[in-house]
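Enquirer: Pasting in a structure now, in structure tokens, and then I'll have a few things to ask.
The values are calculated or read from the model by the stated rules, or taken from the named source; none is laboratory data. In this text, all values refer to a predicted model and were calculated from it rather than measured experimentally. Every residue, glycine among them, receives a Cβ derived from its backbone with ideal geometry; neighbour counts consider all protein chains shown. Just so you know, the surface numbers come from the protein's heavy atoms only, side chains and all, with ligands and any DNA or RNA stripped out. Shrake-Rupley method; radii C 1.70, N 1.55, O 1.52, S 1.80 Å.
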Amino acid sequence: MTRSDVTPTGRPGPGTRDYTGARVRRLEDPRLLQGGGRFVDDVVLPRMLHLTFVRSPHAHATIRAIDRADACALDGVVALVTARDLAPHVRPLVPRLDGPGFTPTPWAALADGVVRFAGEPVAAVVAESACRAADAREATRVDYEPRPAVATLDAGLAAGDVIVHRTGGRGDVAPAFASAAVVVREVFSHGRCAASPMEPRGCVADWDGETLTVWASSQTPRVLRSALAGALDLTESRVRVIVPDVGGGFGLKVQIFPEDVVVAAVARRLGRPVKWIEDRRDNLAAGSHAREQRIEAEIAADANGRVLALRVRIVSDGGAYHSFPLTQALEPLGTAAILPGPYLTPAYAWEALAVRTNKSPLGAYRGVGMTMGAFVMERLLDLVAERLAIDPAEMRRRNLIPGHAYPFTSASGMTYDSGDFPKALEEALAAADYDGLRRAQVVARAEGRLVGVGLACYTEYTGMGSAVFRGRGMMDVPGIEAATVTMDPDGAVRCALSFPSQGQGHATAVAQIIADRLGVALERVRLVPLDTQSAPVGSGTFGSRAAVALGGTVAVAADAIAEKLRAIAAMRLEAAAADIVLGDGRAAVRGAPDHGVAIAELARLAYSPPSGGLPQPPGLEATIYFDPPGTTFSGAVHVAAVEIDRETGRVRVTRYVVVEDCGPVINPMLVEGQIHGAVAQGLGEALLEELVYDGEGQLLTATLMDYALPRADVMPNLEIGHLETPSPRMPGGFKGMGEGGTIGAPAALANAVADAVRPAPVTRLPLRPDPGRTA
């Protein structure tokens, strides 16, 4: 179907019913744009209380005493809860990682005797209003005895507090380096950053004496249910999690936090509903962070620029505790796995560590592990190209895995199932007019302007199943997904997914897939809000898994219902089921479109059988569970052109091209929206955002006045192209792609800036203006 086949309402033009692949406008947008969204803070229950947290001002300290008298004397204050109150009834969060080199770090619901990062909750104040809870928080007096803080990655290494340590590789690295014509050694680093979704963390909990009901802004409701049940010693059947609209997550809301456990425990303790909504300061200080990492890297190449070997040591600053359920292995092991990228790398050796420090824990964030891997590999390639006087594009041509070589086992042992990076590279270079950019650069440099062009090619692991998580040793992530598709007696269709949407457009993609298979209009399909009491069991929205999961669940469930509709239609029309075609709201005999029956009539019959009965059991509902077989790999090529102001060092992006490959595209508008958002985050990560701590472990960038998020005026116009290499592993050939822009953008921008200011080194993100160096 061509893009022009879709009308402005999102409906295919006359004579077509092929929604999948069409530019359908998001069905959820009118409700959200008109203010009809319902987020956690919109949940209001009778007798509801409000909770806020007293947080430690110290990065490391002993709690001597907590004086609650002044706080509890305030009108409207119901309770002030400490670790001593909860300890007999609440277990700490203890994420697991099977395998060697892992040290667990139990994380108590409230700090029990010792605080380990500034912002860690030490008490919870509960009041009749949020304002009164905040007043009581300020009135709470905590006596601390400060301890020395471990505030840097080097200090963590020196203290020997390594909580993850693994090694691996393929091939013989030593002789490759010994015979290399060129060896480049460099140390790369990345500052801390934060996911910063528009809607911060929050939840509402209600205990009715039998069931704990939690409304949560969560990407992983089933994991949250399991964690709460375990922490509160309840069976999972007595915990219900409802996910209303989610105002962004980007990985932050994959994690389960002690605050979630506290809210649920307090609601159970008091027998009244309790709401907690964090503010932006708490979000920056106590929400999970991302990226802080240092990599000592070496690359060996022959005289023609072909890579012979890689050797890296990856160290992550994991913060005070393992995040639940992913642990601090996620960032360093992810980087180690993806660092060779889409390149032929005969030999590779890696060491990956996470050290414990007195900072907020690292957690999942869009592109976790992969962003740093792409940054390091792409910078190494440019450094080799510079040493050998090879154009960066040609350097990549000589090293990219050829399209005919897939499936391909990477140097880290991952099997890339599909791709054609040489083709994607040429399409991106053509779209950007790469040769023209280089000619313009020569003219600009002659005029004294700092102009640079950067490339980045990356591959992204997506849609992981249980085997991948078990292979990593992650035991608390199920790895499966599921969907229930139901056609009601009036012919309308409902779909319940095991994973929520955080803004990706799931309702639209689901409607496209179902409408095609059942022959109904898009507006007849509805994605129902996620409620663990009725939705099937799954893992959640993360790891670019939604499109893969839809292909393995929704499509299969809809096909099962279509088979029943054809059987009923065949009986009604006295034809063979194989000859029944579903479309335009009717079931008709192939070749005889006038000989048909309305699908709504077939649905009525499915629930109210005729006197002769039905050829199949009544009802039109199917639930399908899907365990993705391994991993499927998406990827893209990014081309960035920049100009740097000599006086201020400010970077202006003048051109940006992306050619991406996520297999068959369900909806180009959804894919391009994901790319726009991800590149924006990647640009912020590369040029603006950093959580800065001082030597005592105090966060110096604790508000959005100091933590600089990207704005519309720094975003370039994006030019996007699509290349489709279907996955042979996944139903429909679908591959994920939600994180890709954040993986590719920092690498492309770093290479562009390095090209503009060479020979000045570019080895750290974010890129900081240095007028003295660029002048």
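Enquirer: Name the residues in region 338-383 that are charged (D, E, K, R), under 23 Å from GLU689 (Cα atoms) and either surrounded by fewer than 24 Cβ atoms within 10 Å (Cβ to Cβ) or in contact with a strand residue (DSSP E or B) (Cβ under 8 Å, 6 or more places away or on another chain) (or both), would you?
Expert: Here is the first cut: in region 338-383, the residues charged (D, E, K, R) are 351, 356, 359, 366, 378-379, 382.
Applying the additional criterion that residues be under 23 Å from GLU689 (Cα atoms) yields 356, 359, 366, 378-379.
Answer for region 338-383, where residues must be charged (D, E, K, R), under 23 Å from GLU689 (Cα atoms) and either surrounded by fewer than 24 Cβ atoms within 10 Å (Cβ to Cβ) or in contact with a strand residue (DSSP E or B) (Cβ under 8 Å, 6 or more places away or on another chain) (or both): ARG356, LYS359, GLU378, ARG379.
Enquirer: Looking only at region 178-216, count how many residues are open to solvent by less than 10 Å² (accessible area, probe 1.4 Å), touching a Pro at 6+ places or on another chain (Cβ under 9 Å) and not hydrophobic (A, V, I, L, M, F, W, C).
Expert: Count: 2.
Enquirer: On the basis of being assigned to a loop (DSSP other than H, G, I, E, B) and open to solvent by 10 Å² or more (accessible area, probe 1.4 Å), does GLY738 make the cut?
Expert: Numbers: assigned to a loop (DSSP other than H, G, I, E, B): yes; open to solvent by 10 Å² or more (accessible area, probe 1.4 Å): yes.
Answer is yes for this residue.
Enquirer: Return the total of residues in region 741-765 being in a strand (DSSP E or B) and open to solvent by 10 Å² or more (accessible area, probe 1.4 Å).
Expert: 1
Enquirer: If we keep just the residues of region 272-300 that are charged (D, E, K, R) and within 19 Å of the chain's Cα centre (by Cα), which is most open to solvent (accessible area, probe 1.4 Å)? Step through it out loud before you land on a result.
Expert: First, the residues of region 272-300 that are charged (D, E, K, R): 272, 275, 278-282, 291-292, 294, 296, 298.
Next, only the ones that are within 19 Å of the chain's Cα centre (by Cα) stay: 291-292.
On the way: ARG291: 1, GLU292: 32 Å².
In this case the residue turns out to be GLU292.
Enquirer: Going by the conditions given, is PRO244 within 30 Å of the chain's Cα centre (by Cα) and modelled with pLDDT of 95 or more? Lay out the reasoning, then the answer.
Expert: Numbers: within 30 Å of the chain's Cα centre (by Cα): yes; modelled with pLDDT of 95 or more: yes.
Spelling it out, PRO244 is indeed within 30 Å of the chain's Cα centre (by Cα) and modelled with pLDDT of 95 or more.
Enquirer: Among the residues of region 69-88, which ones are open to solvent by 30 Å² or more (accessible area, probe 1.4 Å), at pLDDT 95 or above and closer than 25 Å to TYR144 by Cβ?
Expert: ALA69, ASP70, CYS72, ALA73, LEU74, ARG84, ASP85
Enquirer: Tell me which residues, restricted to region 608-650, are open to solvent by 30 Å² or more (accessible area, probe 1.4 Å) and touching a strand residue (DSSP E or B) at 6+ places or on another chain (Cβ under 9 Å).
Expert: Listed by number, the residues that qualify are GLU621, THR623, ILE624, TYR625, ASP627, GLU643, ASP645, ARG646, ARG650.
Enquirer: Would region 705-728 turn up any residue that is farther than 28 Å from SER418 by Cβ and either of a type in the set (Ser, Thr, Tyr) or open to solvent by less than 20 Å² (accessible area, probe 1.4 Å) (or both)?
Expert: Quick first cut of region 705-728, residues farther than 28 Å from SER418 by Cβ only: 705-717.
Restricting the remaining residues to those that are either of a type in the set (Ser, Thr, Tyr) or open to solvent by less than 20 Å² (accessible area, probe 1.4 Å) (or both) gives 707, 716.
Checking region 705-728: at least one residue is farther than 28 Å from SER418 by Cβ and either of a type in the set (Ser, Thr, Tyr) or open to solvent by less than 20 Å² (accessible area, probe 1.4 Å) (or both).
Enquirer: For region 471-480, which residues satisfy the criterion of being open to solvent by less than 30 Å² (accessible area, probe 1.4 Å) and over 29 Å from ARG526 (Cβ atoms)? Before the answer, list the steps.
Expert: Filtering region 471-480 for residues open to solvent by less than 30 Å² (accessible area, probe 1.4 Å) gives 473-474, 477, 479.
Answer for region 471-480, where residues must be open to solvent by less than 30 Å² (accessible area, probe 1.4 Å) and over 29 Å from ARG526 (Cβ atoms): GLY473, MET474.
Enquirer: For region 401-429, enumerate the residues that are closer than 13 Å to LEU455 by Cβ and small (Gly, Ala, Ser).
Expert: ALA424, ALA428 - these are the residues of region 401-429 that are closer than 13 Å to LEU455 by Cβ and small (Gly, Ala, Ser).
Enquirer: THR152: surrounded by fewer than 20 Cβ atoms within 10 Å (Cβ to Cβ) and in contact with a strand residue (DSSP E or B) (Cβ under 6 Å, 6 or more places away or on another chain), yes or no? Step through it out loud before you land on a result.
Expert: Working: surrounded by fewer than 20 Cβ atoms within 10 Å (Cβ to Cβ): yes; in contact with a strand residue (DSSP E or B) (Cβ under 6 Å, 6 or more places away or on another chain): no.
No.
Enquirer: While we're on this one: In region 349-368, which residue that is among the hydrophobic types (A, V, I, L, M, F, W, C) and in a strand (DSSP E or B) is farthest from GLY160 (Cα to Cα)? Explain how you work it out, then say what you get.
Expert: Taking region 349-368 as the starting set, the residues that turn out to be among the hydrophobic types (A, V, I, L, M, F, W, C) are 349-350, 352-355, 362, 364, 368.
In the following step, the residues that additionally are in a strand (DSSP E or B) were identified as 349-350, 352-355, 362.
Numbers: ALA349: 23, TRP350: 19, ALA352: 14, LEU353: 11, ALA354: 11, VAL355: 8, LEU362: 18 Å.
Looking at residues that are among the hydrophobic types (A, V, I, L, M, F, W, C) and in a strand (DSSP E or B), I get ALA349.
Enquirer: Further question: Would you call LEU326 within 29 Å of ILE675 (Cβ to Cβ), surrounded by fewer than 24 Cβ atoms within 10 Å (Cβ to Cβ) and either in contact (Cβ under 8 Å) with a residue 12 or more places away in the chain or not polar (S, T, N, Q) (or both)? Break it down into steps so the answer makes sense when it comes.
Expert: Values: within 29 Å of ILE675 (Cβ to Cβ): yes; surrounded by fewer than 24 Cβ atoms within 10 Å (Cβ to Cβ): no; either in contact (Cβ under 8 Å) with a residue 12 or more places away in the chain or not polar (S, T, N, Q) (or both): yes.
Taking the combined requirement at face value, the residue does not satisfy it.
Enquirer: Among the residues of region 156-176, which ones are over 32 Å from the mean Cα position of the chain (by Cα) and either assigned to a strand (DSSP E or B) or crowded, with 17+ Cβ neighbours inside 10 Å (or both)?
Expert: Across region 156-176, the qualifying residues are VAL173, ALA176.
Enquirer: Answer yes or no: is there a residue in region 384-393 that is of a type in the set (A, V, I, L, M, F, W, C), without any contact (Cβ under 8 Å) to a residue 40 or more places away in the chain and surrounded by fewer than 24 Cβ atoms within 10 Å (Cβ to Cβ).
Expert: So the first thing to find is which residues in region 384-393 are of a type in the set (A, V, I, L, M, F, W, C), and the list is 384-385, 388-390, 393.
Those still in the list that are without any contact (Cβ under 8 Å) to a residue 40 or more places away in the chain too: 389.
This time we only want the ones that are surrounded by fewer than 24 Cβ atoms within 10 Å (Cβ to Cβ), so: 389.
Yes.
Enquirer: Shifting gears a bit: Kindly indicate whether any position in region 564-579 is touching a strand residue (DSSP E or B) at 6+ places or on another chain (Cβ under 8 Å), among the acidic types (Asp, Glu), surrounded by 12 or more Cβ atoms within 10 Å (Cβ to Cβ) and under 26 Å from ILE624 (Cα atoms).
Expert: Checked against the condition, which is being touching a strand residue (DSSP E or B) at 6+ places or on another chain (Cβ under 8 Å), among the acidic types (Asp, Glu), surrounded by 12 or more Cβ atoms within 10 Å (Cβ to Cβ) and under 26 Å from ILE624 (Cα atoms), region 564-579 yields at least one hit.
Enquirer: So which residues in region 394-430 are surrounded by fewer than 24 Cβ atoms within 10 Å (Cβ to Cβ), in a helix (DSSP H, G or I) and in contact with a strand residue (DSSP E or B) (Cβ under 6 Å, 6 or more places away or on another chain), if there are any at all?
Expert: Hits for region 394-430 are PRO422, LEU425, GLU427.
Enquirer: In region 687-704, what residues are over 14 Å from ALA194 (Cα atoms) and open to solvent by 30 Å² or more (accessible area, probe 1.4 Å)?
Expert: Passing the criteria: ASP694, GLY695, GLU696, GLN698.
Enquirer: Which is at pLDDT 95 or above, hydrophobic (A, V, I, L, M, F, W, C) and in a loop (DSSP other than H, G, I, E, B), of ALA303, ALA285?
Expert: Exactly one residue qualifies, and that residue is ALA303.
Enquirer: Would you point out the residue of region 241-267, among those that are closer than 16 Å to LEU110 by Cα and among the charged types (D, E, K, R), that is least open to solvent (accessible area, probe 1.4 Å)?
Expert: Restricting attention to region 241-267, the residues satisfying the condition of being closer than 16 Å to LEU110 by Cα are 256-267.
Adding the requirement that they be among the charged types (D, E, K, R) leaves 259-260.
Numbers: GLU259: 5, ASP260: 27 Å².
The selected residue is GLU259.
Here is a yes/no grid of residues against (1) touching a Lys or Arg at 6+ places or on another chain (Cβ under 7 Å); (2) in contact (Cβ under 8 Å) with a residue 24 or more places away in the chain; (3) surrounded by fewer than 24 Cβ atoms within 10 Å (Cβ to Cβ); (4) under 30 Å from PRO618 (Cβ atoms):
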site	(1), (2), (3), (4)
VAL443	no, no, yes, no
THR459	no, yes, no, no
SER466	no, yes, yes, no
PHE469	no, no, yes, no
ALA482	no, yes, no, yes
ASP490	no, yes, yes, yes
LEU497	no, yes, no, yes
ALA507	no, yes, yes, yes
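Enquirer: I would also like to ask the following. Provide a single number: the residues in region 290-319 that are touching a Pro at 6+ places or on another chain (Cβ under 8 Å) and more than 21 Å from GLY473 (Cα to Cα).
Expert: Total satisfying the criteria: 5.
Enquirer: Another question about this same structure. Identify all residues within region 530-561 that are part of a strand (DSSP E or B) and either within 16 Å of the chain's Cα centre (by Cα) or acidic (Asp, Glu) (or both); write none if there are none.
Expert: Going through region 530-561, the residues part of a strand (DSSP E or B) turn out to be 530-531.
Correct list: ASP531 only.
Enquirer: Now for a different question. For region 662-684, which positions are open to solvent by 10 Å² or more (accessible area, probe 1.4 Å) and outside any helix (DSSP H, G or I)?
Expert: Scanning region 662-684 gives PRO664, VAL665, ILE666.
Enquirer: Taking only pairs six or more apart or across chains, which ones have beta-carbon atoms under 6 Å, a first residue in region 668-681 that is over 17 Å from GLY21 (Cβ atoms), and a second residue that is part of a helix (DSSP H, G or I) and polar (S, T, N, Q)?
Expert: So the pair list comes out as ALA678/THR742; GLN681/THR742.
Enquirer: Restricting to region 167-216, and then to whatever is hydroxyl-bearing (Ser, Thr, Tyr) and touching an Asp or Glu at 6+ places or on another chain (Cβ under 6 Å), can you tell me which residue is nearest to ARG472 (Cα to Cα)? Let's see the steps before the verdict.
Expert: Let us first name the residues in region 167-216 that are hydroxyl-bearing (Ser, Thr, Tyr), namely 167, 179, 189, 196, 211, 213.
The next check asks that each one be touching an Asp or Glu at 6+ places or on another chain (Cβ under 6 Å); those that pass are 167, 213.
Values: THR167: 13, THR213: 32 Å.
In this case the residue turns out to be THR167.
Enquirer: I would also like to ask the following. In region 109-128, which residue that is assigned to a loop (DSSP other than H, G, I, E, B) and closer than 18 Å to ASP282 by Cβ is most open to solvent (accessible area, probe 1.4 Å)?
Expert: Residues of region 109-128 assigned to a loop (DSSP other than H, G, I, E, B): 109-113, 116-120, 128.
Adding the requirement that they be closer than 18 Å to ASP282 by Cβ leaves 109-111, 116-120.
Details: ALA109: 12, LEU110: 4, ALA111: 7, ARG116: 79, PHE117: 2, ALA118: 16, GLY119: 7, GLU120: 3 Å².
Per the criteria, the residue is ARG116.
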